[in-house]
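The next block holds one structure in the form of structure tokens; read it before the comments.
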There are 2 protein chains.
Amino acid sequence: MLRSVRSSLRPSRNVGARYAVNSRVLRAAYTSTALGVEPSKLEIQHAPQLKPKPDPSELRVFGKIVTDHMLSVPWNVLTGWGTPRIHPFGKVLLDPHASVLNFAQTCFEGFKAYRTPSGKVALFRPDMNMKRMQTSAGRATLPQFDGEAMLELIKQLVRLEKDWVPSKPGYSLYVRPLLIGTEGTLVVNPPSDALLTVICCPVGPYYPEGFKPIALYGTTEFIRAAPGGIGSYKLGANYVTGLVAAKEAAKHGCPQNLWLQGPNHLVTEVGTMNAMAVFKHPDGTIELATAPLDGMILPGVTRNSVLALAREHASGNSRIEGLPDNFVVSEREIPMKEVQEAAKAGALVEFFGTGTAAVISPVNRIRYLDEDVHIPTGPDGMGPVSKSLWQRLVAIQTGAIEHSWSVVV
Amino acid sequence: MLRSVRSSLRPSRNVGARYAVNSRVLRAAYTSTALGVEPSKLEIQHAPQLKPKPDPSELRVFGKIVTDHMLSVPWNVLTGWGTPRIHPFGKVLLDPHASVLNFAQTCFEGFKAYRTPSGKVALFRPDMNMKRMQTSAGRATLPQFDGEAMLELIKQLVRLEKDWVPSKPGYSLYVRPLLIGTEGTLVVNPPSDALLTVICCPVGPYYPEGFKPIALYGTTEFIRAAPGGIGSYKLGANYVTGLVAAKEAAKHGCPQNLWLQGPNHLVTEVGTMNAMAVFKHPDGTIELATAPLDGMILPGVTRNSVLALAREHASGNSRIEGLPDNFVVSEREIPMKEVQEAAKAGALVEFFGTGTAAVISPVNRIRYLDEDVHIPTGPDGMGPVSKSLWQRLVAIQTGAIEHSWSVVV
């Protein structure tokens, strides 16, 4: 195969033809198992000196402190995935015309390593992140990889950095895999070279002094996603577009924005989190509702976990203390008008965001078309439904409750 | 101001608050003239050895060969734009959690330097690119700059690299300014640090052996842009999204795709070019039509230039040989159905893309919903309308006709 790959990479006469050829080349390279990620070839270069571990008080700003080491795995269209290396944390060297810098060829992931009660280190559902990363890579025409092999390498890194995993409740080690196109080119093409890096950052609780509900600004001027777009993929390109919306929210005194989609202002996401609402219906049913995975919603791991736990309770399979008996879980369209009217009628029980960083982020107000929608929150800042789900989720994440979602490294 | 900036950058308790503060900080920094780009401070470090200039035959692949030097200008939220440096071409060093790598905080530009008949070097409408780059930077919450000052620095770079500007007809030096967020952070925020780089690549004609019309695949599965999105900005994020569409086009044997927007399949762009169609109406009028700048269309400099020349002709102010007498220019919605029916009725005169790289790129076929729409092209691959406009445009770009658009460095 390699010979045909090489000959097809010769300069061709026009960009279109080159693209057409490269597309075949890349498909071949993606599917070749001979070019896969090989954990057995891992090379480890230890940092000559380890940094002092930070005091918890230094972890108030998310993702500013990095550990001693990082993982790098290069990829080339001809030779596939190269030698994985764990090495001292350092800069990435890129051509100024690298495709990630010019054409945003990048996708990433984020998950956390927790200290369990017995002192072990456990990752929360990292297989979900590996799967999503492959989907994202496909959307950005970045190379595919064996998720299990890549996860094995990440585990090696986390094992090496295990002393960085905080033991204080609410603290964890955030793991950030990143896959970027590194080919230096002015032509918009699938890259001939790519790089996967993984870094680790010790992080504190999102709300160090207890749950502090936030106000959201309902964004109708900008969009996060649209049908046929990239909303359901964890591409960097999904994040740059939200910065102006966050800026607009800040102008209105709101720390985050609520993405309201289309003419019906459907509730989709909260800033960079999934959005959930809890309604009380006339028949006494309590409904936990979130937007369906219609191609515009990021399939959040926390979203998935919250829904799964809620459904276990609703079905009676595994009851969660504090959740109501008449409980239903819906993935459905939620027009903002419904939220507003429910709030006015006293039928809106809670509203919150879910994501890896904050886990659950309660909302007490939504600024919507020059009106304030007020949302109840419990005495400690979190409503009864989200608090019960949060408690169960955190118990699983930290290993206080044994669960297959928690993977000891 | 600096003191308040510094104090407001202290770690705050939650991301939202940090955002709100940073937003004010950035606005202040953006608008401060004391923190502007200063060409008088330019430092030049010459490459110890100059590379041999390439033979024209080596320039068949666009953007693979770079010149000896590049320009770098760093930016920081506290200190503004730093010392501009022209230095040997080299790698950019970035943190693996730099915002450009993770959140696609990047915008870029592209324009060309041409060798004039008298041996001078001229840039084509670089002021348009500087203006567009500022608009793009704003959408990505990247720092603003003085476009004239930045252009002066770019001119210095082009002057230093003037021997790299090919004199062979159809050849030029492509100039690529790039602005990226460089702050190492896991938080999605306007960056505290950024970097502007400019590189130069000698490039050949897009079609080295004459105009070769291309076939387009009408994309209805994916979108390039949507209302409230970033379609009208030159952000990297607009390019990564198109890769799967180009891949799908390649599967159908088409080297480029045609973006068909919304339920009416409006003709918007050709791959990474603006799209233009020429219709013959029953009254004998010849209409040059392109999509309006409705927020979803990149305001291309070549698009603008072609429209301006065409309107000069249509108004009788400056006739262009080969263009019809009954000539009108429209920026309007063009449903693909209209193109298809015009082609069947013999009323579609031409269809082409416009952009900096190819200037004008004729199209001879559009694959649309399992049907082929055939489009006439002239005997040498280019129809009479596009050829006449192309000849005038190239004459201006290369300085054969004197024009204010051509800026000697």
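Within 10 Å of the Cβ of each residue in A:184-191, the mean number of Cβ atoms contributed by other protein chains is 6.
The three principal axes of the Cα atoms in the range A:214-408 give end-to-end lengths of 43, 41, 30 Å, sorted in falling order. Distances between copies at A:Ser57, taken between label points 7 Å from Cα along the C-beta direction, are 7.1 nm in increasing order. Averaged over the residues of peptide B:63-73, the number of Cβ atoms from other protein chains lying within 10 Å of each residue's Cβ is 2. Only Lys, Arg, Asp and Glu carry charge here, each on its Cβ (+1 for the first two, -1 for the last two); on that basis chain A has a dipole of about 1200 debye about its Cα centre. Our analysis of chain A gives Rg over Rh at 0.99, with the two radii drawn from alpha carbon positions and Rh computed by the Kirkwood formula. For A:Leu266, nonlocal amide neighbours, meaning residues 5 or more places apart or on other chains whose placed amide H falls under 5 Å from its own, are A:Gln261, A:Met336. Fewest-first ordering of B:Lys155, B:Lys344, A:Lys234 by other beta carbons within 10 Å of each residue's beta carbon gives B:Lys344, B:Lys155, A:Lys234.
Amide hydrogen proximity for B:Arg367: with H placed 1.01 Å from N in the peptide plane, the residues at 5 or more positions away or on another chain lying under 5 Å are B:Leu216, B:Tyr217, B:Gly218, B:Val373.
Shielding by partners for peptide A:86-98, expressed as the average number of C-beta atoms from other protein chains within 10 Å of each residue's C-beta, is 6. Backbone amide hydrogens, once placed in the peptide plane, bring B:Ser192 within less than 5 Å of B:Glu183, excluding anything fewer than 5 places away on its chain. The listed peptides A:67-73, B:142-148, ordered by packing as a protection proxy, come out as A:67-73, B:142-148 (highest mean of other Cβ atoms within 10 Å first).
Working from Cα pairs under 8 Å separated by at least six residues, relative contact order for chain A is 16 percent.
Could you tally the net charge around A:Met133, taking each other residue with its Cβ under 9 Å from the Cβ of A:Met133, Lys/Arg +1 and Asp/Glu -1? Charge balance in the 9 Å sphere: +2.
When both bridge partners sit in the range B:259-357, DSSP labels roughly 75% of those beta bridges antiparallel.
Using bins of 5 Å that start at zero, the share of Cα-Cα pairs per bin across the range A:307-365 amounts to 4, 14, 19, 24, 24, 13, 3, in whole %. Considering only alpha-carbon pairs that sit under 8 angstrom and 6 or more positions apart, the relative contact order computed for the range A:77-157 is 24 percent. Projected over every direction and averaged, the convex hull enclosing the alpha-carbon atoms of the range B:57-171 yields 8.6 nm².
The phi torsions of the range A:170-180, fed into the Karplus equation with coefficients 6.51, -1.76 and 1.60 and a -60° offset, translate into couplings of x, 9, 7, 10, 7, 10, 10, x, 9, 10, 10 Hz, rounded to whole numbers, with Gly and Pro shown as x. Cβ-Cβ distance of A:Thr285 and A:Ser315, R₀ of 25 Å, FRET efficiency by 1/(1 + (r/R0)^6): the value works out to about 0.95.
Report for the range B:214-408 the percent antiparallel among DSSP-assigned beta bridges with both residues inside it, nearest 5. Bridges in the range B:214-408 that DSSP calls antiparallel: roughly 65 percent.
Taken as Cα centroids, the range A:393-408 and the range A:208-267 sit 30 Å apart, rounded to the nearest whole angstrom. Restricting the calculation to alpha carbons of the protein assembly as shown gives Rg and Dmax of 27.5, 86 angstrom. Based on DSSP H segments of at least four residues, each scored -39500 (n - 2.57), the protein assembly as shown has a per-residue ellipticity at 222 nm of -8000 deg cm²/dmol. For the set B:Lys64/B:Lys155; A:Lys247/B:Lys131; A:Lys112/B:Lys91, the pairs lying more than 25 angstrom apart at their alpha carbons are A:Lys112/B:Lys91.
Taken along the Cα-to-beta-carbon direction at a fixed 7 Å, the label points for A:Val408 and B:Ser40 span 6.8 nm.
A short reminder: the numbers here are calculations on the coordinates, not readings from a lab. Owing to the predicted nature of the structure, the values given are computational and were not obtained by experimental measurement. Here Cβ is always computed from backbone atoms with ideal geometry, including for glycine, and neighbour counts include all displayed protein chains.
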